[in-house]
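These notes concern the structure reproduced below.
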Amino acid sequence: MNASTERLGVRPFSARSLVLSVLLGLPDPRLGRSAAFRLADLFGIAPGTMRTALSRLVASGDVTVDDHGYELTGRLLERKLAQDTGRRSSRATWDGSWWVVLATVANRDVAARREFRTHMINARMGELRPECWLRPSNIDDPVGLTDLDGVVAVRGALTGLDPATMARRVWDLDAIAARCRWLLARLGEPPQTATALPDAMLASAAVVRFLREEPLLPAALTPDGWPVDDLRRVYREYDRDFGLVLRSVIDEP
């Protein structure tokens, strides 16, 4: 991993991560059989490596396959929902209430704790302490909190601490803003040709990850000059052109 890629916070694409990244980014998360191998060739991935990765993705339940190709399924659909939500601003009027989620099952195994944590991050909850997560309720029931097993979710006003202070306790807002500004500077011009896709896709993946994880706070809880909506706007324009080039590869007969 070179220094530029390392700072982006993403690894060079493997066959598996390439397929998933493309599927997660498509409005309709389907990828034709031949399209997967055209992508592999573009990214310097051997056909046999791609074939093995696709077989493992099907075996793990992350994608299904039929005569038309591969479709995202299972747990990754939640990640796609969180990713798609991150592309849209959610800075509507906020009534001051918060979601608070507590795990109620003691002595969960490592896998269960990891799954719960992933769900909380997808829901843009912030961890106040182990097994206690919260966020302002400017998002209605983010990613189905009220339907989770083994947790209680409540919505109401916080008392005893200023909401802006609480937000800063849960999230490092200065670090988030700094990362956002760095990504804005790094994004650059969208690719114009298929050969430019590999480098552009790494930058795109870094932005998408950031927008999937940043907390979507209401304006009342963010500092002056909060740059995240600027990144969303710039990335929407970038992604439009990026998507056209990507489609020229995956939609080829």
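Couple of notes before you dig in:
- Rounded to the nearest 20 debye, the dipole magnitude of the chain is 440 debye, with +1 charges on Lys and Arg beta carbons, -1 on Asp and Glu beta carbons, and the Cα centre as origin.
- Derived scalar couplings ³J(HN,Hα) [the stretch 101-107; Karplus, 6.51 cos²θ - 1.76 cosθ + 1.60; whole Hz; x for Gly, Pro]: 10, 10, 6, 10, 9, 7, 6
- Simple Cβ-charge dipole of the stretch 3-74, Lys/Arg +1 and Asp/Glu -1, about Cα centre, in debye nearest 20: 240 debye
- Pairwise Cα inverse-distance average, inverted: Kirkwood Rh of the stretch 3-74 (Å): 12.6 Å
- q = 0.10, 0.12, 0.14, 0.16 Å⁻¹: log10 I(q)/I(0) that the Debye formula gives for the stretch 28-150, counting C-alpha atoms only: -0.47, -0.63, -0.78, -0.90
- Residue order, fewest to most beta carbons within 10 Å, for 120, 166: 166, 120
- Calculated from backbone phi, Karplus (6.51, -1.76, 1.60) coupling profile of the stretch 123-132 in Hz, x at Gly/Pro: 7, 6, 7, x, 8, 7, 7, x, 6, 10
- Contact order normalised by residue count of the chain, Cα under 8 Å, 6+ apart, percent: 25 percent
- At R0 = 35 Å, FRET efficiency that the Cβ-Cβ distance of residue 93 and residue 174 yields, to 0.05: 0.85
- Average Cα contact separation per residue, the stretch 3-74, under 8 Å, 6 or more apart, as relative contact order %: 33 percent
- The length gained by stretching the chain between residue 158 and residue 60 to full extension, at 0.36 nm per residue less their Cα-Cα distance, is 31.1 nm.
- Cβ-based exposure ranking for 199, 67, in which fewest neighbours within 10 Å come first: 67, 199
- In a simple Cβ point-charge model (Lys, Arg +1; Asp, Glu -1; nothing else charged), the stretch 97-170 has a dipole of about 300 debye relative to its Cα centre.
- Summarising the amide proton neighbourhood of residue 137: residues at separation of 5 or more, or on other chains, whose placed amide H is nearer than 5 Å comprise 97, 98, 99.
- Translational diffusion of the chain, µm² s⁻¹ [Kirkwood Rh, Cα pairs; Stokes-Einstein; 4 °C; 1.567 mPa s]: 66 µm²/s
- A Stokes-Einstein calculation at 10 °C with viscosity 1.306 mPa s, built on the Kirkwood radius of the stretch 97-170 over Cα pairs, returns a diffusion coefficient of 126 µm²/s.
- Over 18 Å [Cα-Cα, the stretch 113-253], rounded percent: 63 percent
Where a number appears in this text, it was derived from the coordinates with a stated rule and is not lab data. Since we're looking at a predicted model, the values are computed, not measured. Heads up, the Cβs are rebuilt from the backbone with ideal geometry, glycines too, and the neighbour counts pull from every protein chain shown.
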